[in-house]
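Everything below concerns the one structure shown next.
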Amino acid sequence: MTHLSSTQAVPEISSVPRHIAIIMDGNGRWATKRFLPRVAGHGKGVEAVRSVVEACIVRGVEYLTLFAFSSENWRRPADEVSLLMRLFVTALEREVAKMHANDIRLKVIGDLSRFDANLQTLIAGAERRTANNRRLTVTICANYGGRWDIMQAVEKMLAANPGATGFSEDQLAPYLAMAYAPEPDLFIRTGGEERISNFLLWQLAYTELYFTDTYWPDFDAVALDAAIISYRERERRFGRTSEQLIEQKKAS
Ligand code: IPE
Ligand code: IPE
Ligand code: MG
C-alpha cells in the first residue's frame, strides 16, 4: 500500500499521532555528564528504545521510526562505530523474539550493504520473521540518510521507466525506503539540537516538529506524552486557513 503525500492530499488527523519519527540524540552527553564512557550512553539508549516502543503500543501509535545510525556517523572514532554495530547485533538477538510476541513488525532502512554479513543476515531474518505483524511497525534507520533515500528512489524510478521524462511526486514515492508507511505526524529530536541531520527529508514535509533538551537515555513514557500533548495543541493546516478548518469541523 502506498500513502498519498501530504503535499498532494490532506491526511486525516487524530489525537494520537499515527506515525512518530525520532532522532535519538544525546547518548554521549548523557554518559559524559556522569563521568562514564560514551558507550554507556548508547547502552542506556537501547533501554530507552524498549520503553518508548512499549509506550507507543499502549497509546495506539501505528508506526515508530528511530534514527539509530546516520550515513554521517561513520565519521566517528572507529571503536565507537564498532561498539554501535555490536550493540545493534545484540539488540536484534535479544529483542526480536519479544517484538514478534508483541505483534511488532520490524523494518530496517538505509544502505545496509555497508554492514557486515552477519548483521545483514540478522536484519533480514528479523524482518522476515515479523513481516506479518500489525500492532506497531518499528523502523530502524541504520546507515540512513535522507538524501541517500531520495537518490536511491530516483535511480529505481528511472530504471523502471527507461527513457521517460516529466515525473510526478506520486511516481517517486513508491521507491522511497519507507513507502509502506504514511508520512510522520510527529517528529521528535532529543538532546537539544534543533536540526534534521539528514533524517527523513522527503517524508517530513508537513510533519510537526518537537525538540527537547532531554537526553535520549532519559526519554521515557512521560517525555513521550509531553511530545504528544504538544502535538495535539498544534493546528495542522496543510496549506489551508484556520477558518477553513473551522468550517470543515462544523460540516463533519
Ligand atoms: C545519538 O547520541 C546516538 C547516535 C548518533 C548513534 P550521540 O552519540 O550523538 O550523543 P551526543 O550527541 O554525542 O550526546
Ligand atoms: C543524528 O545524531 C543521528 C542519530 C541520532 C543516529 P548525531 O548526533 O549524529 O547528529 P549531528 O551530527 O550532531 O547533527
Ligand atoms: Mg549527537
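Observations on the model:
- Comparing Pro217, Val10, Ile229 along the charge dipole axis of the chain, the residue lying farthest to the positive side is Pro217, per the Cβ-charge model.
- The residue list Val96, Gly192, Thr165 was ranked by how far each Cα lies along the charge dipole of the chain toward its positive end, using unit charges on Cβ atoms, and Val96 comes out on top.
- Low-density loop positions, GluC sites (Glu not before Pro), the stretch 72-169 - DSSP coil, at most 12 other Cβ in 10 Å: Glu72
- Neighbourhood charge, 10 Å Cβ-Cβ cut-off, centred on Thr190 and excluding it, Lys, Arg +1 and Asp, Glu -1: -3
- Fluctuation leader among Asn198, Asn118, Asn143 - the chain, Gaussian network, Cα springs under 10 angstrom: Asn118
- Using a Gaussian network model of the chain in which every pair of alpha carbons under 10 angstrom is joined by a spring, one finds that among Gly166, Gly41, Gly60 the greatest mean-square fluctuation is at Gly166.
Throughout, read-outs are computed from the coordinates displayed, never taken from laboratory work. Small disclaimer: the values here were computed from a predicted structure and weren't measured. We place every Cβ from the backbone using ideal geometry, glycine too, and count neighbours over all the protein chains shown.
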